[in-house]
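The values are calculated or read from the model by the stated rules, or taken from the named source; none is laboratory data. Quantities reported herein were computed from a predicted structural model and do not represent experimental measurements. Glycine also receives a Cβ, built like all others from the backbone with ideal geometry; neighbour counts cover every protein chain displayed. Side chains are part of the model used for accessible areas, which takes the heavy atoms of the whole protein and leaves out ligands, DNA and RNA. Shrake-Rupley method; radii C 1.70, N 1.55, O 1.52, S 1.80 Å.
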Amino acid sequence: MEKKTSLFDNGLIWFGAGVSLAEILTGTYFSTLGFGRGLAAILLGHVIGCVLLFLAGVIGGNSRLSAMETVKSSFGNKGGLFFALLNVLQLVGWTAIMIYDGALAAGGIFSSGHWIWCLVIGVLIIVWIMVGITNLGKINTVAMTALFLLTLVLCKVIFFSGNSILTEPDDSLSFGAAVELAVAMPLSWLPLISDYTREAKEPVKATAVSAVVYGVISCWMYLIGMGAAIYTGESDIAQIMVKAGLGIVGLLIIIFSTVTTTFLDAYSAGISSETLSHKLNGKYIAIGVTIVGALAAIVYPMDNITDFLYLIGSVFAPMIAIQIADFFLLKEDHSEKEIQISNMILWVIGFVLYRMLMKVDLPVGNTLPDMVITMVLCLIWGKIAGNKNK
């Protein structure tokens with residue numbers, strides 16, 4: 001019998017997901033709003049994103065299915081394969097981006113060469129994968145305790161060093177666009193969370209713990225990034241650590257935060273690949289994804305990920321909206337079908353609508369309006385189809 005994860009284990013997993021250089025770097029973009037408006041955008045975006053994260057996790061937790069297996073309930077077997085493929089591709093992208101960011105920051109403290117740090121981080125991620133999600137308890141406890149203490153040190157350096165405000169607010173980022181950037185990070189975990197809640201002893205409680213822990217830590221990371229840009233005038237987190245004298249400590253923050261976050265991307269890429277074919281071994285695929293990600297991080301520059309975040313939002317926001325409508329409201333299950341065409345059409349509408357809403361500056365961003373409209377369309381079609389069947 002497979003070992004089930006506890007609430008504490010799930011909390012640790014999502015603490016590790018939240019402590020991330022990508023989140024700190026995304027937080028630096030918020031400095032142009034000023035501290036008050038930037039904080040409001042971060043909090044609003046994370047409330048929206050983490051409510052959706054919770055609902056997605058409950059679907060997988062209650063059904064004991066991986067994230068991409070739950071997609072089949074709304075889109076049929078072939079539809080599920082389509083989203084599983086998209087998910088594997090985005091996770092390969094995330095793995096590469098995270099290794100690239102980690103290696104760049106590590107190189108900013110100890111310049112041993114970008115490719116060396118890419119390989120070091122890649123090897124550590126593979127070690128995490130080989131240990132396995134249900135056996136990481138003690139390793140994760142030590143790593144997370146260290147990360148918690150090190151991020152406290154980082155906060156002290158940024159917020160309590162007597163720095164005056166160096167970055168003045170401007171109009172380069174609207175409030176609505178900032179909210180969307182805050183939503184985008186929890187949204188990127190939607191196609192993954194069920195991979196972990198399905199193995200929990202108490203799936204609904206574990207999902208709640210996961211969403212809350214991730215939301216709080218992610219906000220904290222965004223705040224560190226924004227604070228760094230406002231109070232130090234520096235968006236390169238490695239340089240902030242160097243100036244503060246956090247040489248080896250800063251390096252540990254960078255390496256472990258990158259490993260604990262990127263591990264989840266690679267691990268879930270393996271699980272999603274098993275949805276594509278049951279002949280595939282998820283652990284070996286996860287290792288392969290890590291190797292590909294490390295090589296891509298060595299070869300390609302990946303300095304601005306905002307377009308990538310928006311692309312993830314446009315793909316997975318309407319997908320999870322349809323799943324939420326089917327699972328919680330319509331109580332529909334289409335997993336026996338090859339493809340649920342009506343839901344695929346609704347997803348295309350939701351995808352196009354998201355891209356259109358990106359051109360409109362809404363105070364709540366464009367994920368929430370897109371999902372609400374997609375869910376309403378799904379409910380209307382569900383009622384029409386139900387009446388026809390009767």
Legend entry - Among the candidates L379, L368, L362, residue that is surrounded by fewer than 20 Cβ atoms within 10 Å (Cβ to Cβ) and assigned to a helix (DSSP H, G or I): L379
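Whether any residue in segment 140-147 is of a type in the set (S, T, N, Q), over 30 Å from S63 (Cβ atoms) and not in a helix (DSSP H, G or I) is what I want to check.
Keep residues of segment 140-147 that are of a type in the set (S, T, N, Q), which gives 140-141, 145.
Checking the rest, the ones that are also over 30 Å from S63 (Cβ atoms) come to 145.
Still in the running and not in a helix (DSSP H, G or I): none.
No.
Could you say which residue among V348, V315 is touching a residue at least 24 places away in the same chain (Cβ under 8 Å), within 18 Å of L81 (Cα to Cα) and either open to solvent by 10 Å² or more (accessible area, probe 1.4 Å) or not in a helix (DSSP H, G or I) (or both)?
Working: V348 fails: touching a residue at least 24 places away in the same chain (Cβ under 8 Å).
After applying the criteria, what remains is V315.
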Inset, instruction - Report the residue count in segment 1-33 for those that are more than 20 Å from the chain's Cα centre (by Cα), among the small types (G, A, S) and over 23 Å from T367 (Cα atoms). - result: 1
Inset, instruction - Identify the single condition in (1) without any contact (Cβ under 8 Å) to a residue 40 or more places away in the chain; (2) under 13 Å from M375 (Cα atoms) that F328 does not satisfy, given that it satisfies every other one. - result: (1)
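If a residue has to be part of a helix (DSSP H, G or I), of a type in the set (A, V, I, L, M) and crowded, with 24+ Cβ neighbours inside 10 Å to count, how many in segment 185-204 make the cut?
The initial filter retains those residues of segment 185-204 that are part of a helix (DSSP H, G or I), namely 185-188, 194-197, 203-204.
Then keep just the ones that are of a type in the set (A, V, I, L, M); that gives 185, 187, 204.
After this cut, where a residue has to be crowded, with 24+ Cβ neighbours inside 10 Å as well, the list is 185, 187.
The total comes to 2.
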Legend entry - Check on D303, farther than 26 Å from I121 by Cβ and either at pLDDT 95 or above or open to solvent by 30 Å² or more (accessible area, probe 1.4 Å) (or both): no
Legend entry - Failed item, numbered, when G122 is tested on (1) among the small types (G, A, S); (2) open to solvent by less than 20 Å² (accessible area, probe 1.4 Å); (3) modelled with pLDDT under 90: (3)
Legend entry - Qualifying positions in segment 356-390 - over 21 Å from L53 (Cα atoms) and among the charged types (D, E, K, R): K359, D361, K383, K388, K390
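Has segment 206-219 got any residue that is within 18 Å of the chain's Cα centre (by Cα), assigned to a helix (DSSP H, G or I) and of a type in the set (F, W, Y)? Show your work before the answer.
Residues of segment 206-219 within 18 Å of the chain's Cα centre (by Cα): 206-219.
Keeping just the survivors that are assigned to a helix (DSSP H, G or I) gives 206-219.
Retained after the next criterion (residues that are of a type in the set (F, W, Y)): 214.
Yes: segment 206-219 contains one or more residues that are within 18 Å of the chain's Cα centre (by Cα), assigned to a helix (DSSP H, G or I) and of a type in the set (F, W, Y).
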Legend entry - Positions within segment 230-276 being modelled with pLDDT of 85 or more and either in contact with a His (Cβ under 6 Å, 6 or more places away or on another chain) or more than 21 Å from L147 (Cβ to Cβ) (or both), in sequence order: I230, A269, G270, I271, S272, S273, E274, L276
Inset, instruction - Collect the residues in segment 168-184 that are assigned to a loop (DSSP other than H, G, I, E, B) and of a type outside the set (D, E), keeping them in residue-number order. - result: P169, S172, L173, S174
Inset, instruction - For segment 73-89, enumerate the residues that are open to solvent by 10 Å² or more (accessible area, probe 1.4 Å), among the hydrophobic types (A, V, I, L, M, F, W, C) and in contact with a helix residue (DSSP H, G or I) (Cβ under 8 Å, 6 or more places away or on another chain). - result: L81, F82, L85, L86, V88
Inset, instruction - Return a yes/no flag: does segment 39-54 have any residue that is touching a Lys or Arg at 6+ places or on another chain (Cβ under 6 Å), closer than 20 Å to T197 by Cα and small (G, A, S). - result: no
Inset, instruction - Could you grab the pairs with beta carbons closer than 9 Å, sequence gap of 6+ or different chains, first residue in segment 262-280 and closer than 11 Å to L192 by Cβ, second one surrounded by fewer than 23 Cβ atoms within 10 Å (Cβ to Cβ) and at pLDDT below 85? - result: L264/I133; Y267/G132; Y267/I133
Inset, instruction - Could you list, in sequence order, all residues of segment 1-48 that are more than 28 Å from A238 (Cα to Cα) and open to solvent by less than 50 Å² (accessible area, probe 1.4 Å)? - result: T5, S6, D9, N10, I48
Legend entry - Residues located in segment 55-72, provided they are buried (at least 22 other Cβ atoms within 10 Å of the Cβ) and either small (G, A, S) or under 16 Å from the mean Cα position of the chain (by Cα) (or both): A56, G57, G60, G61, S66, A67, M68
Legend entry - Search result, residues across segment 269-300 that are surrounded by fewer than 24 Cβ atoms within 10 Å (Cβ to Cβ), assigned to a helix (DSSP H, G or I) and among the aliphatic types (A, V, I, L, M): L276, I285, I287, I291, V292, L295, A296, I298, V299
